[in-house]
Structures are given as C-alpha cells and as structure tokens.
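Novice: The structure follows.
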Amino acid sequence: MKLPRTIAALGALFLSLLAASTTNAFDTVVLDPGHGGIDEGTAWYRVKEKDTTLAVALRLEKLLQNEGIKCVLTRRTDTYISLDDRVKIANRHPHSLLLSIHFDASSRTGASGFSTYYFSQSPSGRFVAQTIQEALDESHDTPNRGIGSQDYAVLVRTLGCAVLVECGFLSNKAEAGQFASAEGQQWLAEALLLGIVRAKPIIINDPPETQIAKCEVYAKRLEEKEHQRQAAVAPAKSGTPHKPASKKK
C-alpha cells in the first residue's frame, strides 16, 4: 500500500530533525501554555487548566526576559491552538527549548505533586526534565512525582529539546487554590525559571539516533491515521454501514 502523504511528511520531518541535530544549545525558550479556547483542559473547583497554564507562562516570560533569555509563546490569549500549530511555532526556532505547561487531574482528589516528561530517546530532554524537576522540588514542599518518558506529539515533533511539565493536580482542592492565586503562579514561574537557567549552560545536543527515533514514532502515527482513514472510506464506498474510528488525543 502506498502512503504518499505519509512518506512526504516523514521525509520533511527527517531532514529538518537531522539539520537540528547539529545545532548548539538552545538560545530561545518556547513556552507552550497547554489547551486554550474551546479546549479547557481539566477543570476543578472553578479553576480551568487553560487559564492557569497561560497565567504561569506569561509570568515566566517576564522572568526569562529579565534574565536576557529570548522567549516565544505559542499563545498569549484564551485561544485554541492545534497541536500542529504549536509544533510549527516551536520549529520556527530550531535552537530552542520547548516547555509545555500543563496541570494534572485524578479521580483520586488527594493526588498531588508535579512531574516532568521528555521524549523517551532524548538525552537532552531527560537532562532538562530532571533539572526542572529538581528546581520545583527545592522551591516547594509539593510532592515530587519524578520524571518520565512519553511520546507526546509536542515532544516528538519539535526540532529542539522539549519537555512537558505537569505542575500540580487541579483535582486537589488545595493545589487548585494555590495555582489559581497570583502567589502560587509566581512561585511556579520562578521555580521553572530556576530549572531553565540551570540547564542552559550545560545542555548537550541529542545524537542523530534521537532524531531517527522521533521520525520512526511519527511515521507510525501517520500510518495509523492513514489506515484509519482508509478503513472509514472503504465501507462508505461499498454502502456498508460503519462506525467512524475513534480519535486519539
């Protein structure tokens, strides 16, 4: 089966990732406040993730600028930005660190703490995740849930180093109240700044193998989407009733 769109997209990503693998350590921080617009993220106790991530990102932007670090945001207002567009914004700055800011939630309302994620085969991502996690741990007594590897789209498809931080649980009433406050948002922004500043002078570039691994993950996802599309089209052509394939986040 020929998948021309898959091959073309994969080829473009491979070339850009290969070029990025030779770059120096990041000179720009791309802040990605999770969700926005019609996508509220998680919401508990009248605290919406989309609002809190943006508030923290705007505070962190000011702190980074005070340190002389160039900063770009994927959104500045309560606007919906697709994952594709977030990646495009980040990839305009291939010598960058992408910091995607999120908040967690659980049916266990007592769950609390913060965690940081990186692409499974990115040594630089793991280093930055660990550095940010340590800065958060030093700055507050919120439980440290550690770092972990995930193949999230914003981590796989970005050209530079990328991490995603789950800053706390909005399903936890105490944490939701804390991060809805100006004081809590400022503390969080300062802790994230500390991690970034510590990582910047000593971050290393990922090897070419990391870029190849990113391409393999991306190719698999493109093929899965193409197969789902064809599976949905085939029954429609034959006149057979069918159920649309469910969408994955």
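Novice: Scanning for something closer than 20 Å to Leu194 by Cβ, in contact (Cβ under 8 Å) with a residue 40 or more places away in the chain and among the aromatic types (Phe, Trp, Tyr), does region 74-92 turn up at least one residue?
Specialist: no
Novice: Okay, moving on. Do we have Thr158 as assigned to a loop (DSSP other than H, G, I, E, B), within 14 Å of the chain's Cα centre (by Cα) and under 25 Å from Glu61 (Cβ atoms) here?
Specialist: yes
Novice: Which residues, taken from region 58-85, are more than 17 Å from Phe26 (Cβ to Cβ) and buried (at least 18 other Cβ atoms within 10 Å of the Cβ)?
Specialist: Within region 58-85, Arg59, Arg75, Ile81 meet the criteria.
Novice: For region 126-153, give me each residue that is touching a Leu at 6+ places or on another chain (Cβ under 8 Å), modelled with pLDDT of 95 or more and either of a type in the set (A, V, I, L, M) or under 19 Å from Ile202 (Cα atoms) (or both).
Specialist: Val128, Ile132, Ala135, Leu136
Novice: So, in region 191-218, exactly how many residues are in a helix (DSSP H, G or I), over 18 Å from the mean Cα position of the chain (by Cα), surrounded by 15 or more Cβ atoms within 10 Å (Cβ to Cβ) and not hydrophobic (A, V, I, L, M, F, W, C)?
Specialist: 1
Novice: Just to verify a result, which residue in region 57-90, among those that are of a type outside the set (Ser, Thr, Tyr) and in contact with a Gly (Cβ under 8 Å, 6 or more places away or on another chain), is modelled with the lowest pLDDT?
Specialist: Ala90
Novice: I've got another one for you. Since Leu164 meets every condition but one in (1) in contact (Cβ under 8 Å) with a residue 60 or more places away in the chain; (2) under 17 Å from Val29 (Cα atoms); (3) buried (at least 24 other Cβ atoms within 10 Å of the Cβ), which condition does it not meet?
Specialist: (3)
Novice: Give me the residue from region 26-73 that is without any contact (Cβ under 8 Å) to a residue 40 or more places away in the chain and touching a strand residue (DSSP E or B) at 6+ places or on another chain (Cβ under 7 Å) and, out of that set, farthest from Leu99 (Cα to Cα).
Specialist: Top of the filtered list is Glu40.
Novice: How many residues does region 82-106 contain that are in a loop (DSSP other than H, G, I, E, B) and of a type outside the set (D, E, K, R)?
Specialist: Final tally of qualifying residues: 6.
Novice: Test Ser112 against the criterion of being surrounded by fewer than 21 Cβ atoms within 10 Å (Cβ to Cβ), out of contact with any helix residue (DSSP H, G or I) (no Cβ under 7 Å at 6 or more places or on another chain) and outside any strand (DSSP E or B), and give yes or no.
Specialist: Considered against the rule, which asks whether it is surrounded by fewer than 21 Cβ atoms within 10 Å (Cβ to Cβ), out of contact with any helix residue (DSSP H, G or I) (no Cβ under 7 Å at 6 or more places or on another chain) and outside any strand (DSSP E or B), Ser112 comes out as no.
Novice: Output the residue which, of all residues in region 171-183 that are under 10 Å from Thr52 (Cα atoms) and in contact with a helix residue (DSSP H, G or I) (Cβ under 7 Å, 6 or more places away or on another chain), is surrounded by the fewest Cβ atoms within 10 Å (Cβ to Cβ).
Specialist: Ala180
The values are calculated or read from the model by the stated rules, or taken from the named source; none is laboratory data. All values reported here derive from a predicted model rather than from experimental measurement. Methodologically, a virtual Cβ is constructed for each residue, glycine included, from the backbone with ideal geometry; neighbour enumeration extends over all protein chains shown.
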